[in-house]
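Accompanying notes for the structure given below.
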Amino acid sequence: IFLINRSRYSRMGINNIAGLTVGIILKIGLFYLILRIIDSAANFYMADTGHIMGAKIETDMRRDLFAHLETLSHSYFAEHKVGQIMARITSDLFDITEFAHHCPEEFFIAALKIIVCGVNVPLTVIVFASLPLIFCFVKFFNTRMRKAFKKQRNQIGEINSQVEDTLLGIRVVKSFATEKLEAEKFEDGNKKFLDTKKLGYFYMAGFQTS
């Protein structure tokens, strides 16, 4: 009798737990779906509005930079490669505008996380206790990432200069049949640019993970 009653109670308990679990799973699933919709909408707004704002900043800065270049003396252009100047107008401005519109977003998200952590005292203590270690990692990867990106910008300037020289002197290149030599020089610069980008993305991944 005891075994029968125990089995009956066990089945009743299992059924209640199963029913409760299904209800909780459905509620959690619905809640998660709502959060995902809100998150997707927020990400879409940030990606769309943020990048448009960055594009407007880039447009204004490129116009001002071009106007400034027109005021420089002949000696400046004699000392600097046109390809490097072109890199400043294109890739460098893009990097600046990416920072300009992503930085406020990251600060806003970080502020929300700090506020949420403030509600939970133990979690707040854990977060602040790990800050020195996080700072060391961020400092390490940020320093090397900036150096790698600087090298990357210089390398793309060299590629631009080589392309410009080759295209401007294309008649001479064809006359002396040096296409293969020019292609080899370009391939060498192109591989160096790839190597610098790999290094930059490696440190960027470490920086974002930190």
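Observations on the structure shown:
- Residue match in region 150-161 (condition: surrounded by 14 or more Cβ atoms within 10 Å (Cβ to Cβ) and over 30 Å from Phe207 (Cα atoms)): yes
- From the options Thr59, Thr71, Thr97, Thr90, residue that is modelled with pLDDT of 85 or more, within 22 Å of the chain's Cα centre (by Cα) and not aromatic (Phe, Trp, Tyr): Thr59
- First in region 56-83 and on the phi > 0 side of the Ramachandran plot, second anywhere and among the hydrophobic types (A, V, I, L, M, F, W, C) and assigned to a helix (DSSP H, G or I), Cβ under 7 Å, 6 or more apart: none
- Selection over region 23-54 of residues that are among the aromatic types (Phe, Trp, Tyr) and either over 27 Å from the mean Cα position of the chain (by Cα) or closer than 15 Å to Phe99 by Cα (or both) gives a count of 1.
- Look at (1) hydrophobic (A, V, I, L, M, F, W, C); (2) in a helix (DSSP H, G or I); (3) over 30 Å from the mean Cα position of the chain (by Cα); (4) at pLDDT 85 or above and you find that Phe202 fails only one, number (3).
- From Leu181, Leu199, residue being over 17 Å from Asp92 (Cα atoms) and open to solvent by 80 Å² or more (accessible area, probe 1.4 Å): Leu181
The values are calculated or read from the model by the stated rules, or taken from the named source; none is laboratory data. It should be emphasised that the depicted structure is a prediction, and the values quoted were computed from it without experimental measurement. FYI the Cβ positions are ideal-geometry reconstructions off the backbone, even for glycines, and counts take in every protein chain you see. In case anyone asks, the SASA skips ligands and DNA or RNA and just uses the protein heavy atoms, side chains included. Shrake-Rupley method; radii C 1.70, N 1.55, O 1.52, S 1.80 Å.
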